[in-house]
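One structure is given below, encoded as structure tokens.
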Amino acid sequence: MPPAHIVSHNPATVHAPAGGYSMGLELKQHRRLLFISGQVPEQFDGTVPEGFEAQCEQAWRNIIEVLAAAGLGVEDLVKVTTFLTDRNQVVTNRNIRRTMLGEHQPALTVVIVETVDSKWLLEIEAIAAE
């Protein structure tokens, strides 16, 4: 079976997506799905970087490592949910996500929450398809 064919759906009758994402992604002929648990900004040794930008980059590196372990890349992401702890993180989060994903625009949700451990300033979960 060939790799998943991903079709983006951004209807003109709905507000345009702001911040580099798709309103909907359709998977055709996918072979497998990968559900990535919420990735917190911990490094391999259990340490947590200082500051939101460093933590956001670390959480994305963790996502990328899980994708790589499954033989996938960021271009295979179809849905990303980001849990931020402060509204002031939205723009920085968007900029880092765009850097990590390049031109790829998965379906996206961003919410403001309280994390399980207060040292974590965010958590990111994702779904990928091949």
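Every read-out reported here was derived from the displayed coordinates using simple, explicitly stated rules and does not represent laboratory data. Quick caveat: nothing in here was measured; it's all calculated off a predicted structure. So basically every Cβ, Gly included, is an ideal-geometry build from the backbone, and we count neighbours across all protein chains shown.
Taking trypsin sites (Lys or Arg not before Pro) that fall in a DSSP loop and have at most 14 other Cβ atoms within 10 Å as cut points, what is the longest piece of the chain between them?
33-118
Based solely on its DSSP helices, what 222 nm [θ] is calculated for the chain when runs of n ≥ 4 H residues each add -39,500 (n - 2.57) and the sum is averaged over all residues, nearest 500 deg cm²/dmol?
Mean residue ellipticity, 222 nm, calculated: -7500 deg cm²/dmol.
Could you tell me the extents of the chain's C-alpha atoms along the three principal axes, largest first, rounded to whole Å?
42, 36, 23
How long are the three semi-axes of the equivalent ellipsoid for region 57-115, computed from the Cα gyration tensor as the root of 5 times each eigenvalue, in whole Å, largest first?
20, 12, 10
Filter the GluC sites (Glu not before Pro) in region 50-93 to those in DSSP coil with at most 13 other Cβ atoms within 10 Å of their Cβ, and list the result.
Glu50
Test of the criteria: in region 27-63, which chymotrypsin sites (Phe, Trp or Tyr not before Pro) are in a DSSP loop and have at most 11 other Cβ atoms within 10 angstrom of their Cβ?
Here the chymotrypsin sites (Phe, Trp or Tyr not before Pro) that fit, given the DSSP loop and packing criteria, are Phe44.
At 20 °C and a viscosity of 1.002 mPa s, what translational diffusion coefficient does Stokes-Einstein give for region 1-74, taking Rh as the Kirkwood radius over Cα pairs? Give it in µm²/s as a whole number.
143
Compute the length gained on full extension between Asn88 and Thr13: take 0.36 nm times their separation in residues and subtract their Cα-Cα distance, giving the result in nm to one decimal.
24.0 nm
What is the dipole size for region 1-73, taken about its Cα centre, with +1 at each Lys and Arg Cβ and -1 at each Asp and Glu Cβ, in debye to the nearest 20?
560
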